[in-house]
């Protein structure tokens, strides 16, 4: 797995339209159900995968008075892309070079998400949550695959069946705590001044 960046999201509970009773919340890499900060793209601090290389940048795009609504995630990406029935080496963008993972992050599962073209800003959809495939596959309470092997099997299936168009990427999702820590917010403020 390759360290790929940081992102803060407003994690949403499982919607009623997702018939996967064991799922409590949506922590997919997609922003379809659990979004990032409004206008985070406009800051142009993100890397070629649509994540941030620095924790301070991931936190800094959130308005200070709303930071308690967000949770901080780190992502590690599997070094293969799943396209149709083939696998190939991941073409990692040159600007993906995140700072080392701070202490306190823990793995909460794995996702398999689509990207319709290399020109897309980020990974786009997770069929587990976007297409309700969490009701057909083994997932945990975060709407993520519990193991890397399960996520790879999911990527193989999604790439072949195309529930969302594009190539598929496997990502480990790590969480830094239940909410943005005040110390991270203070560091982000100092970095932006």
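The values are calculated or read from the model by the stated rules, or taken from the named source; none is laboratory data. This one's a predicted model, so the numbers in the text were calculated from it and none came from an experiment. Note that each Cβ is placed from the backbone with ideal geometry, even for glycine, and that neighbours are counted across all protein chains shown.
Restricting attention to segment 129-149 and to residues that are within 27 Å of residue 89 (Cβ to Cβ), modelled with pLDDT of 95 or more and buried (at least 18 other Cβ atoms within 10 Å of the Cβ), the residue that is nearest to the chain's Cα centre (by Cα) turns out to be 144.
Would you tally the residues in segment 35-46 being surrounded by fewer than 21 Cβ atoms within 10 Å (Cβ to Cβ) and either in contact with a helix residue (DSSP H, G or I) (Cβ under 8 Å, 6 or more places away or on another chain) or touching a residue at least 40 places away in the same chain (Cβ under 8 Å) (or both)?
Going residue by residue through segment 35-46, those that are surrounded by fewer than 21 Cβ atoms within 10 Å (Cβ to Cβ) are 35, 38-39, 41-45.
Filter again for either in contact with a helix residue (DSSP H, G or I) (Cβ under 8 Å, 6 or more places away or on another chain) or touching a residue at least 40 places away in the same chain (Cβ under 8 Å) (or both), leaving 41, 43, 45.
Final tally of qualifying residues: 3.
Restricting the search to segment 3-17, which residues are touching a helix residue (DSSP H, G or I) at 6+ places or on another chain (Cβ under 6 Å) and either in a loop (DSSP other than H, G, I, E, B) or within 18 Å of residue 164 (Cβ to Cβ) (or both)?
First, the residues of segment 3-17 that are touching a helix residue (DSSP H, G or I) at 6+ places or on another chain (Cβ under 6 Å): 6-8, 10.
10 - this is the single residue of segment 3-17 that is touching a helix residue (DSSP H, G or I) at 6+ places or on another chain (Cβ under 6 Å) and either in a loop (DSSP other than H, G, I, E, B) or within 18 Å of residue 164 (Cβ to Cβ) (or both).
If the condition is being surrounded by fewer than 21 Cβ atoms within 10 Å (Cβ to Cβ) and in contact (Cβ under 8 Å) with a residue 40 or more places away in the chain, then segment 19-30 contributes 19, 20, 22, 24, 25.
From the list 107, 88, which residue is assigned to a strand (DSSP E or B), touching a strand residue (DSSP E or B) at 6+ places or on another chain (Cβ under 9 Å) and without any contact (Cβ under 8 Å) to a residue 12 or more places away in the chain?
On the way: 107 fails: without any contact (Cβ under 8 Å) to a residue 12 or more places away in the chain.
Just one listed residue meets the conditions, 88.
The number of residues in segment 56-74 that are touching a helix residue (DSSP H, G or I) at 6+ places or on another chain (Cβ under 7 Å) and either under 15 Å from residue 98 (Cα atoms) or not in a helix (DSSP H, G or I) (or both) comes to 4.
Please determine, by comparing only the residues of segment 129-143 that are touching a helix residue (DSSP H, G or I) at 6+ places or on another chain (Cβ under 7 Å) and outside any helix (DSSP H, G or I), which one is nearest to residue 32 (Cα to Cα).
Just the residues of segment 129-143 that are touching a helix residue (DSSP H, G or I) at 6+ places or on another chain (Cβ under 7 Å), to begin with: 133-134, 137-139, 143.
Filter once more, so that each one left must be outside any helix (DSSP H, G or I): 137-139, 143.
On the way: 137: 19, 138: 21, 139: 18, 143: 13 Å.
Restricting to residues being touching a helix residue (DSSP H, G or I) at 6+ places or on another chain (Cβ under 7 Å) and outside any helix (DSSP H, G or I), the top hit is 143.
Among the residues of segment 166-180, those that are modelled with pLDDT under 95 and either closer than 19 Å to residue 137 by Cα or in contact with a helix residue (DSSP H, G or I) (Cβ under 6 Å, 6 or more places away or on another chain) (or both) comprise 179, 180.
Counting only residues that are under 16 Å from residue 78 (Cα atoms) and either part of a helix (DSSP H, G or I) or more than 16 Å from the chain's Cα centre (by Cα) (or both), how many does segment 158-176 have? Talk me through it step by step, then tell me what you get.
Looking only at segment 158-176, we keep the residues that are under 16 Å from residue 78 (Cα atoms), and these are 158-159, 167-174.
With either part of a helix (DSSP H, G or I) or more than 16 Å from the chain's Cα centre (by Cα) (or both) added as a condition, the list becomes 158-159.
Of the residues in segment 158-176, 2 are under 16 Å from residue 78 (Cα atoms) and either part of a helix (DSSP H, G or I) or more than 16 Å from the chain's Cα centre (by Cα) (or both).
The residue that is surrounded by the fewest Cβ atoms within 10 Å (Cβ to Cβ), among those in segment 92-121 that are closer than 28 Å to residue 163 by Cα and touching a helix residue (DSSP H, G or I) at 6+ places or on another chain (Cβ under 9 Å), is 121.
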